[in-house]
Amino acid sequence: MAALVPRGAPRPNSNSNNPSQPPPPNYNPNSNPNSLANNLSNLNLNRPPSMPNSGPRPSPFGQPPNFPSSAPLPGVPSGSPPFSRPGPPPGALSRPAVPPSGSPQYTLPPNVAPVRPTGTPIGQPSPFGYRAPPGINAPSTSGAPPPGAFPFSGLPSGPVVSAAPPGIRPSSPSPPLTTGAVLPHSSASSGFVSNGPPAFTSGALPGGPRFPPASSASQPPVGPPQTMGFAGATPQAPSMRSLLGNPAIVAPPGTPLQPTSPFSAPPQGVPLPPGSYGPPTWPRHPGQVAPPPPIPGSVQPPRMFGMTPQPLPNQSMTAIPALGQTGAPVSGTSKIDPNQIPRPIPSSSPMLYETLQGNQANPPPPATSDYIVRDTGNCSPRYMRCTISQIPCTADLLTTSGMQLALLVQPLALPHPSEEPIQVVDFGESGPVRCSRCKGYINPFMKFIDQGRQFICNLCGYTDETPRDYHCNLGPDGKRRDANERPELCRGTVEFVATKEYMVRDPMPAVYFFLIDVSMNAIQTGATAAACSAISQVISDLPEGPQTMVGVATFDSTIHFYNLKRALQQPSMLVIPDVQDVYTPLQTDVVVQLSECRQHLELLLEIIPTTFQNNRTAESAFGAAVQAAFLAIKSSGGKVLVFQSVLPSIGLGSLSAREAEGRTNISAGEKEAHKLLQPADKTLKTMAIEFAEFQVCVDVFITTQTYVDIASISVVPRTTGGQVYYYYPFSAVSDSAKLYNDLRWNVTRPQGFEAVMRVRCSQGIQVQEYHGNFCKRTPTDVDLPGIDCDKTIMVTLKHDDKLPDGSECAFQCALLYTTVYGQRRIRLTTLSLPCTSMLSNLFRSADLDTQFACFLKEAAHKIPSSPLLQVREQVTNLCISVLLSYRKFCATVTSSGQLILPEALKLLPLYTLALMKSTGLRSDGRIDDRSIWINYVSYLSTPLAIPLVYPRMVAIHNLSPKDEDESLVPPVIPLSSEHVNDDGIYLLENGEDCLIYIGNSVDSNILQQLFGISSPNEIPTQFVLQQYDNPLSQKLNDVVNEIRRQRCSYLRLKLCKKGDPSGALFFSYLVEDKSPSGPSYVEFLVHVHREIQMKMSSS
């Protein structure tokens, strides 16, 4: 009889559901910093991918990567390293043929003395490296610039009245429009308090770098490929200041936070040595050289300048004094001094954030700031954030505040590479310890009693017996003696190996089915060729091994499957003419193992564009094609990636052009226009629900030049956990590169299949509703056929009982999913927050980023069912109700001539105005543009919410050499036309699009250097950024590449000039100006002030 294995001890083959190919014990397939970092750093910048037969493709490779990680502390086994934050869409990512090897499984011996990591996380070696494409010399870089301040033009300069809330002793006046951190104490003895969690970068930028900063080293000339290595001395570790203002923490000698990269890139065609990375880079046009590689160091999450941190007790509000008689009602725009209005302020200092301090929840840093998380019991705010860091004890208190109580959950979000990895814990055949009443999972906030023989659930309060093989005695502090050794008892985020009871079938393989539109429009616009080229280049990045399956089909008015079996000399076409009652050929013929069909697949993708080059069929059977692909992979589940170019006009789920009807309704007063943002019928929704039931996730890449009814098409990806990519108007010249990189990131980013998610709450709070891209078939769970690191789900909460003041309220998100390597896992995220009965505490602990992200998602949810005017009024009223509550119940300044704003939410009016002027809430845009905006917002992460509506603008006509401590991107300019000169060139980006505005009086020499034109009249309609042989052009390319790294997106570039529609588009993003879509910023503040005064006087 086999010996019993203690709970938590390593078990033979316990981590693998595939005995023939066991992964390493502690391998976390969603935690590979090296390959992911390469995925983002090896970006093919500024050139569309080659069409078939137009150039060499990247050779496939699949060596198991070498994981660099923090130096393990004695006695603490190290886990798999975390992700860097690449983002959609990185360059290339190689996947190993088998799960890469990692450190040993986190064992849980019952009698080992507790050891817990302390101090600043030791930075890992930078995993970034380049491999130059053929004919391009790879640049090199050395060192990392030290942190530097970020200048900001147009900051308020006048005094700001700050007052303490009731019960707080006033202190020295706060600096103009600055904000402190929400903390009960401050170790700072005097002086100003920093503006919240600063950025963890040198010269931190608004929006925050998500990519490592690029080197400003000179670019080498085009020439034969050569090897490249990072040279230079190890950069000095940046100092970090804790949230409480403690002295800077500096890495000890020998353990730098940002060491130079150990990786080098061999020439093309040379096998990569183990641990080296050099996947293909983003394509460049002739005349361009390789983009500068990132400086070795850590990757930062996106950060938007001015994200208001939480205030200290002595800095709880901002008062904007009105000009004129004090106490008089504000009657016009001249009553508010424009120099006093709150504007975003960049921060530039790094921060180390501990989730718990002194067993108390630590208010999170702004989502858009740069920070390194040390998980000390609560989960990282990257995985789960609450709109308020203190939970109101009653529903009445929450209603009085006017704020929303909700969670934003991003369960597979990528951590900072310097953070400790998420530990994988295996409890063996019996599975993880759970509460027998509410089924909550074991976590650091469950209390053990009776010498460890029982534990009290922190979610439902039930007392359970501790399993015998999980028992451990308690120490003098009442905690288990082994708590610091067991990740599930000392970490807010852990991952459990799922047992058989969590499976209704064997874990599904990784299946990818590509559907390509070959209708006449798709062929003539080059969309088909661009799709085939992109697919052929990402094939090498699909997970290798016997479980990876691939299929391809094309469609116009009929559906064409392809037999890819190796036994055939070449792929054979199988035509399905019936697009109403769809069927599919034998599955084993059209969905085959990637290892068996790679050559046939490459050949097929090469000949598809020429095979259909004379196609004159204009119809598209989108619905039938997706249904046929579903039937082909129904038995296993998987991903369907659809490339669609025209309105689906035939067969199952066919649609009609509703846009003309929309124009009529808009001109008639918008009475029914919003209905065009709803699906045309329920056919596609019914199909999508069936897809989700069989674990099929659909992503749609829309490459169009006309209306395609995204409102109807998007139902399929939204219900199945996928997403819509939109390229309008599609240009094979300028959009092929983005299509390629979007597809590459889609298949290589950390993701899971056949997932189920549930959020549990403490007694007194319950989940009200879930919002996001998923299918919901039961009241408590959401089904996610696909889930990835970019998807965020909003969970709204409500009270069902009164919470005791001073108690803790816990939230636990459990995500059961299958990795791309066929492992069943449970990602557990736990957050425990204090409860309060004081309204002032709610305003102090409000999280602006999360509050606004919820505002944004709620507005997007209402747009299809309500007239735009009504939605805009609701958005304005939400903002006013929050500020009114603060003014009425918390503010101490009584002058009616001042607009009093809570410090933590002082930018809420600005972002509310920006939301009202955004694409989704403007009535002058195209129906499809509003539909795609709604779809994008539905899964948008918290750090990207504010940049979407309040973009970043910088001047690029006067780019100058940067000092080592300066940011590569120029200082940010307020979004107002008074800062845009006619002799300047300005870049504006919102994370998705990048507009470059050229004034009419720009020096022709500058235009020639940057764009190769002599006057604004020569601006091309299809623009691809080139790099010319001059310093100014190189600097512009460096800036664009840096922004793409920061935003994790291959931004679409568009040149704009005054006097034509492109110029109008640019100025529509200057939200501080008065425009047809809304008032100016000053006018809006006056309106908000007047509304608050009226409500105050009438109450």
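The values are calculated or read from the model by the stated rules, or taken from the named source; none is laboratory data. Keep in mind it's a predicted model, so treat the numbers as computed, not measured. Every residue, glycine among them, receives a Cβ derived from its backbone with ideal geometry; neighbour counts consider all protein chains shown. What goes into the accessible areas is simple: the full protein's heavy atoms, side chains included, and nothing from ligands, DNA or RNA. Shrake-Rupley method; radii C 1.70, N 1.55, O 1.52, S 1.80 Å.
Of note:
- Per this entry, residue 436 is not counted among residues that are in contact with a Pro (Cβ under 9 Å, 6 or more places away or on another chain) and more than 21 Å from residue 788 (Cα to Cα).
- Just one of (1) farther than 30 Å from residue 439 by Cβ; (2) in contact with a Leu (Cβ under 9 Å, 6 or more places away or on another chain) fails for residue 520. It is (2).
- Flag for residue 850 being crowded, with 23+ Cβ neighbours inside 10 Å, outside any loop (DSSP other than H, G, I, E, B) and at pLDDT 95 or above: yes
- The lone exception for residue 912 - which of (1) β-branched (Val, Ile, Thr); (2) touching a Cys at 6+ places or on another chain (Cβ under 9 Å); (3) open to solvent by 10 Å² or more (accessible area, probe 1.4 Å) it fails: (3)
- Of all residues in the range 592-623, those that are in a loop (DSSP other than H, G, I, E, B), hydrophobic (A, V, I, L, M, F, W, C) and open to solvent by less than 10 Å² (accessible area, probe 1.4 Å) total 1.
- Output for the range 382-418, where each listed residue is among the hydroxyl-bearing types (Ser, Thr, Tyr), under 21 Å from residue 883 (Cα atoms) and either assigned to a loop (DSSP other than H, G, I, E, B) or modelled with pLDDT under 95 (or both): 387, 389, 394
- The range 830-882, residues that are within 12 Å of residue 912 (Cβ to Cβ) and without any contact (Cβ under 8 Å) to a residue 24 or more places away in the chain: 873, 874, 877
- Listing of strands (runs of 3 or more DSSP E) fully contained in the range 886-995 that carry 3 or more residues being closer than 30 Å to residue 1032 by Cβ: 952-955, 985-989
- Qualifying residue in the range 1052-1069 (condition: in a loop (DSSP other than H, G, I, E, B) and either touching an Asp or Glu at 6+ places or on another chain (Cβ under 6 Å) or buried (at least 18 other Cβ atoms within 10 Å of the Cβ) (or both)): yes
- Among the residues of the range 732-778, the ones that are aromatic (Phe, Trp, Tyr) and open to solvent by 10 Å² or more (accessible area, probe 1.4 Å) come to 2 in all.
- Residue within the range 987-1002 that is farther than 27 Å from residue 346 by Cα, open to solvent by 40 Å² or more (accessible area, probe 1.4 Å) and touching a residue at least 12 places away in the same chain (Cβ under 8 Å) present: yes
- Looking only at the range 853-879, residues that are more than 17 Å from residue 405 (Cα to Cα) and open to solvent by less than 10 Å² (accessible area, probe 1.4 Å) come to 4 in all.
- Taken over the range 779-816, residues that are open to solvent by 20 Å² or more (accessible area, probe 1.4 Å) and aliphatic (A, V, I, L, M) amount to 1.
- For the range 462-485, the condition of being open to solvent by less than 10 Å² (accessible area, probe 1.4 Å), of a type in the set (Gly, Ala, Ser) and outside any strand (DSSP E or B) holds for none of the residues.
- When 558, 493, 554, 525 are checked against the criterion of being surrounded by 24 or more Cβ atoms within 10 Å (Cβ to Cβ), among the hydroxyl-bearing types (Ser, Thr, Tyr) and more than 29 Å from residue 382 (Cβ to Cβ), a single residue qualifies: 554.
- Residues of the range 684-712 classified as farther than 25 Å from residue 533 by Cβ, of a type in the set (Val, Ile, Thr) and either modelled with pLDDT under 95 or open to solvent by less than 10 Å² (accessible area, probe 1.4 Å) (or both), total: 1
- Residues within the range 631-648 that are under 19 Å from residue 819 (Cα atoms) and of a type in the set (Gly, Ala, Ser), tallied: 4
- Against the criterion of being surrounded by 23 or more Cβ atoms within 10 Å (Cβ to Cβ) and β-branched (Val, Ile, Thr), residue 882 qualifies.
- Failed criterion for residue 919 (all others in (1) touching a Lys or Arg at 6+ places or on another chain (Cβ under 9 Å); (2) touching a residue at least 60 places away in the same chain (Cβ under 8 Å); (3) within 18 Å of residue 1072 (Cα to Cα) hold): (2)
- Restricting the range 885-909 to residues that are of a type in the set (Val, Ile, Thr) and surrounded by fewer than 22 Cβ atoms within 10 Å (Cβ to Cβ) leaves a set whose member that is modelled with the highest pLDDT is 892.
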